[in-house]
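Values quoted throughout were computed directly from the atomic coordinates according to the rules given, and no laboratory measurement underlies them. Computed from a predicted model, the values in this text were never measured in an experiment. We place every Cβ from the backbone using ideal geometry, glycine too, and count neighbours over all the protein chains shown.
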Amino acid sequence: MTVIDRRAGRVLLVDLAGRVLLLHGGDPARPGLRWWFTAGGGLDDGETVIEAAARELFEETGLRVAPEDLGEPVWSEVAEFDYDNRHYRQSQDFFLLRVADWQVDTAGMDAEEQLTITEHRWWSAAEIEASSEMIFPADLAGLLRRVTG
């Protein structure tokens, strides 16, 4: 199987209670498989990682911020996964953005996001650890504790 290498920018959107916003979605090629994940996604042509993170945050949550408001990445990883019958190796940087409160607006989602992202929820580190659901990145609870200290 061909591996598609790509870069992505993701956002840990954290509220005053220290909870992170996660989106719930799945793979159109595997309708029964669902998981929770942070806002963000792959780069468009000519975009930097931080620009992609800011654009995806707006598309998926309605929150518009300037890329520079995201600061420096707080964590990076390489994730391998299958999506829509393709295998990806994704190098992704995570940015931390704190908000007092935010009401998610999904009007900016593209057609694929509308088909695959079905809900959102604010999660504490303890809720993430206690959950039996698939949540990405794998050690999100530990990461959340490290960056929100």
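Values as computed for the structure displayed
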item: Projected label distance in nm at residue 88 and residue 105, using a 7 Å step from Cα toward the beta-carbon; result: 2.6 nm
item: Assigned charges on the beta-carbon of Lys, Arg, Asp, Glu; region 3-148 dipole about Cα centre (debye); result: 400 debye
item: Where a label projected 7 Å from the Cα of residue 146 along Cα→Cβ would reach, residues of region 26-68 with amide N under 15 Å; result: none
item: Packing-based ranking, highest mean first, of 8-20, 88-100 given that Cβ atoms within 10 Å are counted; result: 8-20, 88-100
item: Label-to-label distance, nm, for residues given as residue 76 and residue 129 (7 Å Cα→Cβ offset); result: 2.9 nm
item: Residue-averaged 222 nm ellipticity for the chain, from DSSP H runs of 4+ at -39500 (n - 2.57), nearest 500; result: -6500 deg cm²/dmol
item: Shape category assigned to region 22-89 from the gyration tensor of Cα positions, a/c cut at 1.5; result: prolate
